[in-house]
1. Work through the residues other than T62 whose Cβ is under 11 Å from its Cβ and net out their charges, Lys, Arg +1 and Asp, Glu -1.
2. Need one number: convex hull volume per residue for the chain, Cα atoms only, in Å³.
3. If amide H atoms are built 1.01 Å from N in the plane of the peptide, which residues on other chains or at least 5 residues away come under 5 Å of the amide H of I130?
4. What are the chymotrypsin sites (Phe, Trp or Tyr not before Pro) within the range 31-124 that DSSP puts in a loop, where the Cβ has at most 16 other Cβ atoms within 10 Å?
5. Determine the dipole magnitude for the range 50-189: charges of +1 sit on the beta-carbon of Lys and Arg, -1 on that of Asp and Glu, nothing else is charged, the reference point is the Cα centre, and the result goes in debye to the nearest 20.
6. Could I have the simple spin-label model distance between R274 and E129, label points 7 Å from Cα toward Cβ, reported in nm to one decimal?
7. Placing +1 at every Lys and Arg Cβ and -1 at every Asp and Glu Cβ, with all other atoms neutral, what dipole size does the range 1-80 have around its Cα centre, in debye to the nearest 20?
8. In deg cm²/dmol and to the nearest 500, what is the mean residue ellipticity at 222 nm of the chain if only DSSP H runs of at least 4 residues count, each as -39500 (n - 2.57), divided by the residue total?
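The values are calculated or read from the model by the stated rules, or taken from the named source; none is laboratory data. Computed from a predicted model, the values in this text were never measured in an experiment. A quick note on method: Cβ atoms are made from the backbone with ideal geometry, for glycine too, and the neighbour counts reach across all protein chains shown. All accessible areas refer to the heavy atoms of the entire protein, side chains included, with ligands and DNA or RNA removed. Shrake-Rupley method; radii C 1.70, N 1.55, O 1.52, S 1.80 Å.
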Amino acid sequence: MNIHAIQTGTVSIHTAQQEGKGHGASRQLNMLLDRAWTNPLPIYAWAIEHPEGVILVDTGETAQSTRPGYFPRWHPYFLLAVRTHVRPEEEIGPQLRTLGISPTDVRTVVMTHLHTDHAGGLRSFPKSEILVARGEYNRAAGFKVILNGYPSNRWPSWFTPTSISFMTMRPEPFGPFGESVKVTRAGDVTIIPTPGHTPAHVSVVVQDGGDTIFLAGDVSYTQALMLRERVDGVAPDEAVARETLGKVRDFVLAQPTVYVTAHDPESSVRLAKRAIVKVA
Ligand SMILES: [Zn+2]
């Protein structure tokens with residue numbers, strides 16, 4: 001099946017967000033106060049042209065996010081630690097149309113998590129079923145939302161996602177992951193819990209013939225950081241994040257897997273070549 005990497009602009013972040021520095025509260029403080037910036041990193045979403053209908057994983061960022069006042073001005077993260085560039089034609093809606101996919105062809109959208117650069121394109125999919133882990137939605141829609149870095153006031157008014165834990169299928173173990181849910185009747189697209197970057201973050205594994213493609217969201221910023229099991233600068237619980245990184249590493253080394261993340265500059269190349277994870 002065709003899996004498209006859709007780059008919705010770029011984001012620059014502090015290097016101490018990409019790879020955490022220090023432990024405990026100082027890791028998150030170091031991330032905010034770091035003065036070193038990454039190069040502009042891609043913001044990827046993924047479109048899976050599945051025989052049962054198009055499935056998206058994440059929706060990328062919106063061009064509106066580059067307008068002054070889109071994010072709360074007082075928020076330390078948006079003020080100090082992130083620079084986003086998205087042109088209107090880089091949004092996911094126009095890019096899908098260029099690929100010949102109408103947004104109404106999108107059957108299901110799986111959200112790895114609800115951070116702004118994954119949820120920015122939601123408004124293009126009012127007719128699609130949108131799957132979000134219950135814990136992620138509660139965290140993003142709850143009282144502390146803005147502090148947690150979710151600009152939920154920018155969500156479309158119709159946004160009432162389906163909770164992944166409400167799906168009818170019984171959760172089953174999947175490799176080292178204790179539970180999983182299938183998105184397709186064919187059983188070839190699977191959601192697994194990958195908590196760390198956010199407490200209820202999920203990933204999607206596509207099995208396409210002999211290929212296994214791991215769409216990892218923000219499990220890690222790059223493949224190398226996953227292999228080194230390096231926790232990022234934003235994960236609220238370091239131990240949880242490290243446990244997930246270990247499971248993902250075990251998974252991709254146990255069976256040939258193409259591993260792609262939302263912000264790894266090499267993701268689209270690896271996907272196009274179906275290049276499996278190799279340990280140097
Ligand atoms: Zn994120």
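1. 0
2. 122 Å³
3. V109, T162
4. Filter output for the range 31-124: W74.
5. 460 debye
6. Inter-label distance under the simple model: 2.8 nm.
7. Working: 5 positive and 6 negative charges, 105 e Å.
My answer is approximately 500 debye.
8. My calculation for the chain gives -6000 deg cm²/dmol from helical runs alone.
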